[in-house]
Every structure is written in structure tokens, then in C-alpha cells.
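Following: one structure in C-alpha cells, then a few remarks.
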Amino acid sequence: MQAISPVRVAKGVVVGGALPVLIMGPCVIESEAHALSMGRIVAHHARAIGWPVVFKASFDKANRTSHESFRGNGLQEGLRILAKVKAATGLPVTTDVHDAHQVPEVAEVVDLLQVPALLCRQTDLVEACARSGRATSIKKGQFLAPWDCASLVAKFRSFPAPRGAASHRLVLIERGTSFGYNTLVSDFRALPIMRSLGVPVIFDGTHSVQAPGGKGTSSGGSGHFAPPLMRAAMAVGCEGIFMETHDDPRHALSDGPNVVPTRELSALLKDLKAIHRALGRPRPPAPRDY
């Protein structure tokens, strides 16, 4: 197993550092007011348990099931709002990028670029992220085996960062695997397998309980299963937790069925902290030699 290389996202936020890192926020930027409100909620709960946090919200949901679904506010407005959240809360921010041409502009604002699961093998997009010098997370595609992530890591590392920038700041995110139609399943062997590649791994609990296209014109999900999966991931060992959260899931404009309601955050985060305090961060197990 390769030693895991910690990834510095922002001051005080190191994925693979002493403390687990949280990536939290609504699925999509619904409005400036809502993003600011959610940013303050996320900051409050992270401070309460003393863990570093990155605020997450997408400016564009480019892979919606239906063309009639809300996609977001677009690149320019989305980046303006993320910059405002960052200034108002002091939190680092992350968002999806979908095309290579978006990367330079997005990298000027966000602290962590995110390559969506369905685009994880898009070479031009991965190259643009690597060459930006910005810390990057790549979500493992639902269609990939965990050991296939070796190619994602090798691809990212094959492109040099700009002169003077920290190179190869890569995080992998596990978000479940396709299991038949409209269903995902979490195989927790994926966490140690992916971590053995020498990169920190974050477990995405809310997307792991998604039912892609499960409601016909939109995705469904079983959000009540997300907290136990996150607790399991902490026990197995990972460098952080990704969770989407919303103050009014019933009226969320994207992924409402999967999110953790903000009213449940305090109890869940206390559980995660207790597991980390009890177990630390378990190392990936080595194969038995017999």
C-alpha cells in the first residue's frame, strides 16, 4: 500500500490530516439567500464538533434526469454566489465542473474542484483540473470497480500542475456502485482499496442512497439510510465525509430524497465524532500472508 498523500484544500483544511474533513451543503445553488443561509448552518455545525469543513453547492446540475428539472443559476451567477458565501462564512468552497473550458474560471473562486462521477473518465476535464494547480476531487463513477480508480489517479498525475503550484492534490470520493436498475449499493471494501492507491478518500453518504431516475422524471432515494452508511464508513476508515444537507428537503430543487435534513445534523455529526474518537482512522487491512 502506498502512503496516503494529504491534500491541503485551504488554511486549516487538510484531507488526510489529523481530523476528518466534511464536505457539506445543498445539492444545487437555489438562490443567493438560500446558499448564504446554508453556508452559515454548515459553518455552525462544523464548529460545534471542531472538524474542518468545505461548503458544497453546484452552479449547474448538468446531468438531470429531465430537461424540465431545475439546473441552477449558471456559471457566472453561481461563482458570484459561491464567492459571497466564502466571504460571509470564511469557509472554503467546492463545486462541480463539467467541461474543461470551465476549469480556469472556476478555479479562480473555489478551493476544491469536483469532477462528477459520470465524468470521471473524461480525459480533457481531468487534465484541465490537474493543470489548474487547484486541489481536485474526483468522484468514482457508479460504473467503476474501486480498483479501476488506479487509472483515474495515474491519469491525473500524468499532467503537470503549473509552475509554483502544489502538484497532484487529488482526493477520491466513493459514492456507491450501480446495482441493477435505479439502485446503488455501497461496498465498503471500496474505501481501503481506493485508499491503498495513495490518495485520501472521502465517503459520499447521500449520493450512495440515491435511486438514479427512480421517480421517472427525477431521481429518488432513501435518505434515511445515509446516516448509518456514514457511520459505517468512519468505522471502516476514510479521510472525510461528503453529505448534502437541506433545511427543507421536501421542497429542495435537487436531490431532496437523499439529503440529511439540517435538523438531524447535530446528532449525526456527534455520532461521527464519537466513532472517530473511539477508532481513529483505521488503516486499510493488508492481505493475510498464509
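The values are calculated or read from the model by the stated rules, or taken from the named source; none is laboratory data. None of the values given here were measured: they were computed from a predicted structure. When we count neighbours, we look across all protein chains shown, and the Cβ atoms used for this are built from the backbone with ideal geometry, even at glycine. Surface areas here come from the heavy atoms of the whole protein model, side chains and all, with no ligands, DNA or RNA. Shrake-Rupley method; radii C 1.70, N 1.55, O 1.52, S 1.80 Å.
What is the distance, in nm, between label points placed 7 Å from the Cα along the Cα-to-Cβ direction at ALA10 and at GLN76? A separation of 2.5 nm, rounded to one decimal place. Accessible surface of segment 1-128, 1.4 Å probe: 50 percent of it comes from carbon and sulfur atoms.
Looking at the chain as a GNM with Cα springs under 10 Å, which of PHE179, PHE156, PHE188 has the largest mean-square fluctuation? For the chain, modelled as a Gaussian network with Cα springs under 10 Å, the answer is PHE179. A simple packing score, the average count of other Cβ atoms within 10 Å per residue, orders the peptides 166-174, 18-26 as 18-26, 166-174, with the highest score first.
Backbone amide hydrogens, once placed in the peptide plane, bring SER137 within less than 5 Å of LEU113, GLN114, VAL115, VAL171, excluding anything fewer than 5 places away on its chain. With contributions of -39500 (n - 2.57) from each DSSP H run of at least four residues, the per-residue ellipticity at 222 nm computed over the chain stands at -9500 deg cm²/dmol.
Within the chain, antiparallel bridges make up roughly 20 percent of the DSSP beta bridges whose residues both belong there.
Placing +1 on each Lys and Arg Cβ and -1 on each Asp and Glu Cβ, with no other charges, gives segment 132-289 a dipole about its Cα centre of roughly 520 debye. Averaging 1/r over each pair of different alpha-carbon atoms in the chain and inverting the result gives 18.7 Å, the Kirkwood hydrodynamic radius. Computed from the C-beta positions of ARG250 and SER158 and an R0 of 51 Å, the FRET efficiency is 0.70 to the nearest 0.05. Could you give the size of the charge dipole of segment 99-192 about its Cα centre, using +1 on the Cβ of each K and R and -1 on the Cβ of each D and E, expressed in debye and rounded to the nearest 20? The calculated dipole for segment 99-192 is roughly 280 debye. Taking amide H atoms as placed 1.01 Å from N in the peptide plane, the amide H of GLY213 lies under 5 Å from those of SER219, GLY220, each 5 or more residues away in sequence or on another chain.
Close amide H contacts of SER58 (hydrogens built in the peptide plane, cut-off under 5 Å, sequence separation of 5 or more or a different chain): VAL28, ILE29.
Sorting the segments 225-232, 264-271 by their residues' average number of neighbouring beta-carbon atoms within 10 angstrom, most packed first, yields 225-232, 264-271. Counting alpha carbon pairs within less than 8 Å and at least 6 residues apart, what relative contact order, in whole percent, applies to segment 75-134? Relative contact order comes out at 32 percent. Phi angles of segment 245-251 translate, via the Karplus equation with coefficients 6.51, -1.76, 1.60 and θ = phi - 60°, into HN-Hα couplings of 9, 8, 7, 8, x, 4, 10 Hz per residue; Gly and Pro are given as x. Taking the chain as the region of interest, the number of lysine pairs whose Cα atoms are within less than 21 Å, with members eight or more places apart or on different chains, is 16.
Dividing the mean sequence gap of close Cα pairs (under 8 Å, 6+ apart) by how many residues segment 160-290 holds gives a relative contact order of 22 percent.
Give the carbon-plus-sulfur fraction of the accessible surface of segment 134-290 in %, rounded to a whole number; probe 1.4 Å, heavy atoms of protein chains only. So the carbon and sulfur contribution to the accessible surface is 54 percent. Per residue, the convex hull spanned by the Cα atoms of segment 172-290 measures out at 108 cubic angstrom. On a per residue basis, the chain carries 43 Å² of accessible surface, using protein heavy atoms and a 1.4 Å probe.
Computed from backbone phi with θ = phi - 60° and the Karplus coefficients 6.51, -1.76 and 1.60, the 3J(HN,Hα) list for segment 185-202 is 9, 9, 9, 6, 5, 4, 5, x, 5, 5, 5, 5, 7, x, 10, x, 10, 10 Hz; x is used for glycine and proline.
For segment 20-161, the average shadow cast by the Cα convex hull is 8.9 nm², which is a quarter of the hull's surface. Each residue of segment 91-99 is assigned a 3J(HN,Hα), and the resulting list reads 7, x, 10, 9, 7, 6, 10, 10, 9 Hz, derived from the Karplus form 6.51 cos²θ - 1.76 cosθ + 1.60 (θ = phi - 60°), x at Gly and Pro.
Each Lys and Arg Cβ is given +1 and each Asp and Glu Cβ -1; about its Cα centre, the chain then shows a dipole of about 840 debye.
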